[in-house]
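Inspection log for the structure reproduced underneath, given as structure tokens.
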Amino acid sequence: MVRLILTTFSSEHDAARIVRTLVEEKLAACGTILPGAHSIYFWDGKLEQNQETCVLLKTSLERSTELATRLQTLHPYETPEIITLDPTAVSGEYERWVMKNCLP
């Protein structure tokens, strides 16, 4: 089964460096880097507005917890956004590709 993990970074450079590590370690089959996100949020009681880079990581159910733990370790944010999504439908061919590329 495929899982998607959503996270954000302050720079495209950080996103690419960490996604590359996760793919090389076979924790993720793919990471899609989406620069240009505009985030508005409260941090330490202050309203913040920042440009961020959103990342969608594709992994297997079996590797998703390990990926989230490793991402937490590598991530430069004090409190990184790490959200695991369970897709309701994934094409069979794509699912097989993800599983094959997430084998330890």
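Mind checking which residues of the range 78-104 are among the charged types (D, E, K, R), surrounded by fewer than 13 Cβ atoms within 10 Å (Cβ to Cβ) and in a helix (DSSP H, G or I)? If the condition is that a residue be among the charged types (D, E, K, R), surrounded by fewer than 13 Cβ atoms within 10 Å (Cβ to Cβ) and in a helix (DSSP H, G or I), then E93, R96, K100 are the ones that fit. Quick one: would you say W43 is surrounded by 12 or more Cβ atoms within 10 Å (Cβ to Cβ) and more than 14 Å from the chain's Cα centre (by Cα)? Against the criterion (surrounded by 12 or more Cβ atoms within 10 Å (Cβ to Cβ) and more than 14 Å from the chain's Cα centre (by Cα)), W43 does not qualify. Would you check which residues across the range 67-77 are buried (at least 17 other Cβ atoms within 10 Å of the Cβ) and out of contact with any strand residue (DSSP E or B) (no Cβ under 9 Å at 6 or more places or on another chain) and list them? Selection gives R70 alone. Name every residue in the range 55-66 that is out of contact with any strand residue (DSSP E or B) (no Cβ under 6 Å at 6 or more places or on another chain) and part of a helix (DSSP H, G or I), in order of residue number. E62, R63, T65, E66, listed by residue number.
Scan the range 72-102 for residues that are over 23 Å from D44 (Cα atoms), touching a helix residue (DSSP H, G or I) at 6+ places or on another chain (Cβ under 9 Å) and of a type in the set (A, V, I, L, M) and the total you get is 2. Being part of a helix (DSSP H, G or I) and acidic (D, E) is a condition met by at least one residue of the range 16-27.
Taken as a whole, the structure places E52 among residues that are surrounded by 14 or more Cβ atoms within 10 Å (Cβ to Cβ) and either in a strand (DSSP E or B) or at pLDDT below 95 (or both).
The values are calculated or read from the model by the stated rules, or taken from the named source; none is laboratory data. None of these values were measured; they are calculated from a predicted model. Note: ideal-geometry Cβ built from the backbone for every residue, glycine included; neighbour counts use all protein chains shown.
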